[in-house]
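Have a look at the structure below, then the notes.
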Amino acid sequence: TYPLRQTWRHKLFIFAEAGMLLLKYLWLRFMLRFGSAPGRTDGRTCAVVLLSHNRPQNLPSLIKGALRNQFVSRVLVSNSNPKVRIEDWIDVKDSRLLLVDESEPTQPGHRLVLARKMRADYVLAVDDDIFFTPGQWARLFESLLRDEDAPHGVTGNLYRPGTTSSNGRPFHQVTGVEQEVDVLIGAYAFTSQHLDRVFNLAEAIGIPNL
């Protein structure tokens, strides 16, 4: 593909993509400062769990986006990087915000452990490289409230045994459509009942520590 990357057409495409990325970044900054979403939640609230390890610089934007919504009752940030003091990276002051520096490394499943300790009826959890506007946080929560039978997200994978996707595995990415998937990726909205099921299954198959 090297010759293709040297064409003017490809260079113009890259330039246009960079321009769109800048516009989206400026729009995100504007929404984090001035945007808000009333949220059709009928008074129901949720907790937010955020994990941090190698990208603490991303957390302020995630936190601000979540806290612009009144239905967010708490935001817990868990930092598992011993070289980082998470408070040094966060310029947000809000009584709903709790920052924790873990004493030992944790796995991605630690978000479920923290969510269970928070004892919230509803939980939203997002990876630290996904940026939501306040309205997008609201839409994720609203999608869960409309259908509490299963967790919700924004992208995921379909598991198709016997097939191979571009990543060499039988998992095929799905995004931009509303449908059931086998695996959620990056963003998660779930209930306390979903959490109970996860821990019951983990115990049944002998996984003591998520």
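Of all residues being basic (K, R) and under 24 Å from Q70 (Cβ atoms) in region 80-115, which is farthest from the chain's Cα centre (by Cα)? Just the residue, please. Step by step, filter region 80-115, then rank; the result is K93. Apart from one condition, I63 fits all of (1) at pLDDT 95 or above; (2) β-branched (V, I, T); (3) touching a helix residue (DSSP H, G or I) at 6+ places or on another chain (Cβ under 8 Å); the exception is (3). You will find that of G153, G176, G162, the residue that is within 30 Å of M31 (Cα to Cα) and modelled with pLDDT under 90 is G176 and no other.
Scan region 112-126 and report the pairs whose first residue is on the phi < 0 side of the Ramachandran plot and whose second residue is part of a loop (DSSP other than H, G, I, E, B) and surrounded by fewer than 17 Cβ atoms within 10 Å (Cβ to Cβ), with Cβ atoms within less than 6 Å and a gap of 6+ or a chain change. Short answer, once both residue conditions are applied: L112/L210; V113/L210.
Checking each residue in region 183-193 for being surrounded by 13 or more Cβ atoms within 10 Å (Cβ to Cβ) and over 19 Å from Q107 (Cα atoms) picks out T191, S192.
For region 99-111, state whether one or more residues are open to solvent by less than 40 Å² (accessible area, probe 1.4 Å), in contact with a helix residue (DSSP H, G or I) (Cβ under 9 Å, 6 or more places away or on another chain) and modelled with pLDDT of 95 or more. No: region 99-111 contains no residue that is open to solvent by less than 40 Å² (accessible area, probe 1.4 Å), in contact with a helix residue (DSSP H, G or I) (Cβ under 9 Å, 6 or more places away or on another chain) and modelled with pLDDT of 95 or more.
A Cβ distance below 9 Å, combined with a sequence gap of six or more or placement on separate chains, defines the contacts here; from region 152-178, residues that are touching a residue at least 12 places away in the same chain (Cβ under 8 Å) and over 19 Å from Y188 (Cβ atoms) reach residues that are open to solvent by less than 90 Å² (accessible area, probe 1.4 Å) and hydrophobic (A, V, I, L, M, F, W, C) in the pairs R160/F171; H172/L158. Restricting S78, S95 to those that are open to solvent by 60 Å² or more (accessible area, probe 1.4 Å) and of a type in the set (S, T, Y) reduces the list to S95.
Just one of (1) surrounded by fewer than 16 Cβ atoms within 10 Å (Cβ to Cβ); (2) touching a Ser or Thr at 6+ places or on another chain (Cβ under 6 Å) fails for F71. It is (1).
The values are calculated or read from the model by the stated rules, or taken from the named source; none is laboratory data. Predicted model only: the values in this text are computed from it and were never measured. Glycine also receives a Cβ, built like all others from the backbone with ideal geometry; neighbour counts cover every protein chain displayed. All accessible areas refer to the heavy atoms of the entire protein, side chains included, with ligands and DNA or RNA removed. Shrake-Rupley method; radii C 1.70, N 1.55, O 1.52, S 1.80 Å.
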